[in-house]
Amino acid sequence: MDFPLENRFEVADLRQRVERMGDSVDESGEYGDHRWNPGHPRLQDLWKLNIRAAAVLIPVVDHPDEATVILTKRTEALRNHSGQVAFPGGRIDDTDPTPEFAALRETEEEIGIRPDQVDVIGRMPDYISGSGYRIAPIIGVVRPGFVLDVNEEEVDAVFEVPLSFLMDPRNQAQGSREWNGLEWKYYDMPYKGQRIWGVTAGIIRAFYERFYA
């Protein structure tokens, strides 16, 4: 289906794209770091471990002119992925009934956006990270006018990025670094002094492939 170019980055258009694709909870590992690193020894060892379940919210803000996506920068004090740009989210607790519940709970705990301010419209296939997580990316529409209440122990900064920027493949550069003497590839998307890379950029790339490519 072709979408009008003039409104393809508005929330109404995104809703149509998500509805057309449908939800998927496929556990075959359709998306993940292995897509960019096929056969990497780091990932071969990963499958032998108990992969931990996590959920993140992809919070799309319904601005009237153009949708944006909320991202956070984690504090340097955190044990995992310190200082990195991330979606709000975290581990799925045993008391969380669904990944959607976990993503909304973590979002409220981290940046103060309440579940009643978010309209969950879909779910991406799980994303397998090289750090040992099976991440459920939950897509939620956030109404403008929210007031942030940032947990400063976990979050150093909160910012919005235009959906049009994130969905432009020209902004989705692939980088690499050395890991135990071997090359490790990832996506890298610098934006106004913030470095969106690694798992977060990988989920954004998967979002692009699924809904906008």
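Some values worked out for this structure:
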item	result
Matching residues, segment 134-163, being under 15 Å from THR75 (Cβ atoms) and either in contact with a Cys (Cβ under 8 Å, 6 or more places away or on another chain) or not in a strand (DSSP E or B) (or both)	VAL150, ASN151, GLU152, GLU153, GLU154
Neighbours by Cβ (under 8 Å, 6+ apart or cross-chain): first from segment 123-136, under 11 Å from VAL56 (Cα atoms); second among the basic types (Lys, Arg) and outside any strand (DSSP E or B)	MET124/ARG210
Condition check for VAL120: at negative phi, aliphatic (A, V, I, L, M) and surrounded by fewer than 18 Cβ atoms within 10 Å (Cβ to Cβ)	yes
Test: THR75 is modelled with pLDDT of 95 or more, closer than 27 Å to LYS192 by Cα and polar (S, T, N, Q)	no
Considering residues of segment 90-107 that are of a type in the set (Gly, Ala, Ser) and modelled with pLDDT of 95 or more only, the residue surrounded by the most Cβ atoms within 10 Å (Cβ to Cβ)	ALA103
Sole residue being farther than 21 Å from ASN50 by Cβ, without any contact (Cβ under 8 Å) to a residue 60 or more places away in the chain and surrounded by fewer than 20 Cβ atoms within 10 Å (Cβ to Cβ), chosen from LEU182, LEU148	LEU148
Any chance GLY90 is assigned to a loop (DSSP other than H, G, I, E, B) and farther than 16 Å from VAL60 by Cβ	no
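Matching residues to (1) under 25 Å from ILE92 (Cβ atoms); (2) at pLDDT below 95:
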{"position": "ILE113", "(1), (2)": "yes, no"}
{"position": "VAL120", "(1), (2)": "yes, no"}
{"position": "VAL155", "(1), (2)": "yes, yes"}
{"position": "VAL161", "(1), (2)": "no, no"}
{"position": "VAL199", "(1), (2)": "yes, yes"}
{"position": "ARG210", "(1), (2)": "yes, yes"}
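The values are calculated or read from the model by the stated rules, or taken from the named source; none is laboratory data. Predicted model only: the values in this text are computed from it and were never measured. Cβ sites come from the backbone with ideal geometry, for glycine too, and all protein chains shown count toward neighbours.
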